[in-house]
Amino acid sequence: MAVCVSIIGKDNSPKYFSCLNPYDELNLQYKVLSSLDVVEEKLNSGSKSGSDIRELYLGMLYSLETHKIYGYVTNTKIKFVIIVDSTNTAIRDNEIRSMFRKLHSIYADYVCNPFHIPGDQITSKPFDERVKNIMTGNA
Amino acid sequence: MSHPDYEQFSHDHAALLVLVRHIDSTGQIRNIFIRYIKDHPVENNDWGDFQTHRRLLGLISLAKYDSQQELNEICRVHESLKVKYTNTLFDSRAILFLSLGTHDSPTKISNSGDFNVESKGDKEEIPEDQTNIDFEKQNDALDKFVPPSNFKTRAFFYKDTDPCSDLETHLNEFINSLFWVLESKRLERSREKLERVSLLLAPFEKKDFVGLDMESRNNKKRCTGRMTKHLGDLCLQAGLLTESLTYYTNAVETLKSVNDWLWLGAAFEGLCAASALVLYPNIQRNVSLHRNSSLQEGSPKRSNSVSVSSLDTINKKDVTNCLSPEDILKRYREAIIHYSKYQNAGIIETEASFKAARISVEQNHSLQAATFLQNVVFINLTLSEQEKIQRFETLSDLYTQIGFIRKASFCQRLAATRYVSPQNPTPNWSQCYNLMLQSFPGHKLSLDPTEMCNSNLQIGWPSLQIQLLQELVVAAKRMGHSALATRHMTFLLQTMWNHLSNTDQKELSLQLQSLASQCEGAPVPLVLDNGIVIPPANLINVPVCIGFTLKNLQPHLQPRKIQASKQDSGPFLFTPINFGSLERKNNKPQSKMDFLWIENDLCEVSLKLLNPLPFELKVSNMRLLTSGIVFESIPETVILPSDTPTPLTLNGTPKESGELEILGYSTHTLGVKSNCRLRYMRSFMPQYTIEVIPALPTMEVKTSLPQSATFSTFQNFENVVTSASLSLYNGESTECTITLTNTGNVPIEMLEISIQSVLEPALQDQIFKWSKENIESQLPLMPNASASLTLYLYSAANFLASGFGLSDLMSGVFTSSHPSSIMSMSAGPSSLPSRLNSPIHSTMGGSFHARRNDLNSSFRSTNSGQSSMTTQGCRSPGALALPHHATTSIVEGQLQLRYSGGPGLEAGYCRTCSVFLTLEMIPSLQVTNWDVLPAETSSQFYLVLDIANLTSQEMELYYTSSKHMLIEGHESCRVPVPVDRCPLSKLTKLYMDQNSGVDDRLDLDKICSEHIASLVDLRWHLLSTETTGKATLKGIILTPNMLDIVRMSPLQWDVTVNGDLVKPQEPINCDAGDCLQTHIKVSNCLERPLRQLTMTIQFYQDYQNGVCSYKLETRLATAGATKVSLPTLEPQGKAQHVCNVVFFTPGLYKIDIQCSAPENFATNIVSNTTGHVWKFIPAVEINVK
């Protein structure tokens, strides 16, 4: 379903990056990086208008010829970005939401690890595995 | 129209297009915007019907000439331009500058020949300064050249030095003329009947309407709508905002009904533009870069002020049909959607998107702006590479404006890659490089590596940063700026090291090496042509520094305070409370060193370096980076093996005194010079500071003795510079010459010598001696000069067998087998003195080399007798019990030399070095036992010593000035030493004290033992090694009974027999039956009275075998008391006693005369055993015939 999943820390530094096609990684990283502008903008305007803070899903950040980029921000300003292939029109907004929710929950599981230092990059094979499952829609 | 204009604002819809920038304002109501452009493809005029602001209305040509010919050419070009734009052009002007050639190079003049009339920046150079060139002359020159007669344009002629004061008025007049033409056209159009108007067409529509029925209702409406929209355009340009709004609104209505989407879009856009003009009159291009010199001074600014003031007067609410800010964006969106329905209107759509984005920016709707900009990318246009680049640059510019710096950087990077893409016929690496550099902020990259390293948090996206930096290196390299390439590669390695894989590290390092081979990297900022400064980058990771320590000087070179500051430790010498712990003393390493360095001394910093690369790394020219005082660092070169920590020492010499800061070190590796500052390395202090004190001398010390093989760990062991070892027999003395050489450059002005050992000071002074005056007379010691110090060494030891203490003596080790005490022994008519005399005299007289055994046997002969001098066991000659502790002892000492001089001395510092002395003290002789015996005279006594030769050699012993004897190795013998008795003068003080107690007795002991020690001089000579020595009896312990013999009697005896004074060694001869009158006079020599004295006269016979017979009742009779009590004897007082004796039988008799007193004179309790006994010595001998 998804092409790429990325977790970005509150200082906008990459914490985790995973994509189906490793050759595409640099390209997708550029896309995720530039989508952060939109995320930040949405967060800024969101806080101004005092919208529902429990709504973590940001919706589509922007779309490109080939990809659509969706964003999700936790209350601790950890950003999740999922890139979906534009050609996959069958995918619905609800599915994206559920992907984000799953991602959030495995992320929460991961940071509960007492050996994890907050702010460190995530390097864990089981985590990788679970993210891959989410991406392919097997989770 | 195929040339997009990304720079457009929606306000440009209201602008009159003029090819050269200027501004105009008319009247009070109309605000006219003039847009000056430098380039205008004539095709763009084709869209002039669609949107009138695209038409070129005016032309101003600027030119420079210096000849008639050139002027003609310029006029021709101007005319041809007029022809080119003739369809739309309203009016034109030419501004011509006469070059006087005074300061223009010919090339510049020739430039003006092929000069395109469209103004270029460099053609606007109008000098502001009034020059001193004569005006008259210039006017003449201006008149000299005349434009050709067919040149119809109004031209203004200036000299190139002219201030052009009237240029502005001329241009205003030009703008006015443009305006009035426009105004007349507008009026003309507005007067046309809307039903009659012809159909206005966009360029690509021309074919579409061929053959269509123009009279149909639909098409009529279309014509009307389009014309209404056109009128709106004209009104907008002519400054009639409200009218234009009305026209546009009407046009929208009309066009919507006929589904004329393209024009509907244009009408919407016009409506938005007019509304925006009302709402945001001040949107301006940020023009500043290309403005120059005099032209800008007046007009553009004035135009701003005019527009602001006049537009403020328009009440925004009053303007009918004006759109709300939200509606503007909504309409623009609609317009763009309508445009997008026409493939040929792509450029219009793109431009509209940009314009909409700019309005969003103005409204602070970043997301809206972003969607408009995002839309631009989707529009498929056939554009040249240059135009594509422009599109990306504009996008990035706008993204930057809305704060989307990442997106902006992304676009910049795309633009950069376009510059050098294979499709680009003219790759431009330098542009590519500049754009890459501009995209740094979006990637959270900073040109300054220190900023990158300082932020502990890693913020950027490392893989993208690495990618960008690598591309930057390539761009710099292709640009031909290899210094830059080296710099960026160094930067990449410095900042991204931790994010690089091992193979990347290696590959990039090798790349750096090859780049640096073209241009060596140095830690200096690079300045680009556009003024950007590239700060230096340093290879702090190649090699990695894992240890950095400042080294203290070697202990013997360390400076010390001459006067040690007294530490105030409070009233307590020790307190268990650690006050420091309350202060939370942190154990962090201190940046300030607690030791000192010395000016002109070689100082060391030790480093530990690790080469992380998989190949051998040569690091050359390593120096220390310092600040503060002058420091001369010595460069080092090291070859580091892969992945092995390598220690390295960097040396340097401070050239001044004061505070020195060590900031890091510099390296030269992989062809790059780096300054590795500790501040930018983790786990180090930012800098280390150390105090450098003024120069001190250095001294070399040598001794004449061989060095010790080993030395034990002794206090301050570290200062030792050399050592000396020596073996001495106890009592032997020798000299050691210590040579001091000043090896520094500072004279030694102060030298203090002291000895340190664990010995007690008195003994220490005995062993080590030197002449302080001698060494001081050799000061100051100039550089390279030497001084010598003689150290006298004496092997001082206790020659007395310490196993025999006072208690032993008291408990009667000597006398155990005898009931009588030593006193009684000596009190008895002992024959020992005479026996001692005779055999020794005889043996020594007869045979010099008297054998100890003989001597001993003679003693032994007395053993059976009363004398207890020779107790069995310890006296047995064969099994002489050598004192078991008499083994070789080793004395260790340090001769400490404190020296200083020059400025260091003034600062109160000195250096300390020491010579380690090992003195092996070999036992020579030992007095295993001793006793005292009364001598023949009252002024002397005999000290009888058992002396053991502890060496294995034959020893010759001189025990008086004239007497000597030989002792075999490991054997002992007994010698009598005549010693003067201790005179009373030494003891007066004691007797003076009435309340003398036990302490006094100890004092008495001491005085007496010192007395003996000072008089007895035992000198020995080892025959085989020719060594001589001297033994002392210092510390000899005496029993109270011995003391009475040792010291002079306080009583002075005066004994006469029959009136003849008794002399020692002279027996009195008399016959049996003779009456002998013994007259005894006693006088007290002390200065205090003696009390409770008992004088006894006793007669006895000595059988010369140790047995004395006191039972003489049958042999003699006495008349007069033999025992007299003297209650007190005043000082200097005298007492006398007379008694007579008659001997019945011949024989050898002796008289023992003694006075006894209890020990404590003050008490009446008399205890004879512990009291004092003073005898008349020697006993009177009477030979009765």
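Worth pointing out:
- Label-point separation, residue B:627 to residue B:704 (7 Å along Cα→Cβ), nm: 5.7
- The GluC sites (Glu not before Pro) of region A:47-139 meeting both criteria, a DSSP state outside H, G, I, E and B (loop) and at most 12 other C-beta atoms within 10 angstrom of the site's C-beta, are A:55, A:65.
- Projected label points at residue B:501 and residue B:382, each 7 Å from Cα along the beta carbon direction, are separated by 4.4 nanometres.
- Inter-site label distance for residue B:165 and residue A:129 at 7 Å from Cα along Cβ, in nm: 9.0
- Note: region B:447-537, Cα convex hull, 93 Å³ per residue.
- For residue B:91, nonlocal amide neighbours, meaning residues 5 or more places apart or on other chains whose placed amide H falls under 5 Å from its own, are B:59.
- Which listed pairs, of A:79/B:608; B:38/B:159; B:477/B:551, have C-alpha distances above 32 Å, in listed order: A:79/B:608; B:477/B:551
- Long-range HN-HN contacts of residue B:1078 with modeled amide H, under 5 Å: B:1058, B:1139, B:1140, B:1141
- Size of region B:404-477 as Cα extents on the principal axes (Å, biggest first): 44, 27, 17
- Theoretical FRET efficiency, 1/(1+(r/R0)^6), r = Cβ-Cβ of residue B:532 and residue A:66, R0 25 Å, to 0.05: 0.10
- Alpha-carbon radius of gyration plus Dmax, which is the widest Cα pair, for region B:595-751 in Å: 21.8, 72
- For chymotrypsin sites (Phe, Trp or Tyr not before Pro), the sites in region B:591-624 that DSSP calls loop and that have at most 14 other Cβ atoms within 10 Å are B:615.
- For residue B:633, the residues whose amide H sits under 5 Å from its own are B:653, ignoring neighbours fewer than 5 places away on the same chain, with H placed 1.01 Å from N.
- Computed from the C-beta positions of residue A:112 and residue A:43, the FRET efficiency with R₀ = 35 Å rounds to 0.90.
- The fewest-to-most ranking of B:534, B:402 by surrounding Cβ atoms within 10 Å reads B:534, B:402.
- Value of [θ]222 nm, deg cm²/dmol, for chain A, DSSP H segments ≥ 4, -39500 (n - 2.57) each, nearest 500: -13500 deg cm²/dmol
- Scattering from region B:1049-1184 was approximated by placing one identical point on each alpha carbon and applying the Debye formula without solvent; log10 I(q)/I(0) at 0.11 1/Å stands at -0.41.
- At R0 = 30 Å, FRET efficiency that the Cβ-Cβ distance of residue A:21 and residue A:75 yields, to 0.05: 0.40
- Sorted largest first, the spans of the alpha carbon positions of chain A along the three principal axes are 38, 34, 26 Å.
- Region B:1064-1158: trypsin sites (Lys or Arg not before Pro) in DSSP loop, at most 10 other beta carbons within 10 Å: B:1111
- Inter-part distance where region B:43-74 and region B:368-422 are each reduced to a Cα centre, Å: 31
- Of A:10/B:407; B:1034/B:1081; A:31/A:102, pairs whose Cα-Cα distance is over 27 Å: B:1034/B:1081
- Charge dipole (Cα centre; +1 on Lys/Arg Cβ, -1 on Asp/Glu Cβ; no other charges) of region B:447-537 amounts to roughly 140 debye.
- Counting every other Cβ atom within 10 Å of each residue's Cβ, B:1070, B:676, B:1075 order from fewest to most as B:1075, B:1070, B:676.
- What the phi angles of region B:695-704 give under the Karplus curve with 6.51, -1.76 and 1.60, with θ = phi - 60°, is a coupling list of 4, 10, x, 10, 9, 10, 10, 9, 10, 7 Hz, glycine and proline written as x.
- By the beta-carbon count within 10 Å of each Cβ, the least crowded to most crowded order of A:23, A:110, B:792, fewest first, is A:23, B:792, A:110.
Only the coordinates and a few stated rules stand behind these numbers; no lab work does. All values reported here derive from a predicted model rather than from experimental measurement. With ideal geometry, Cβ positions are generated from the backbone for all residues, glycine too; neighbour counts draw on all protein chains shown.
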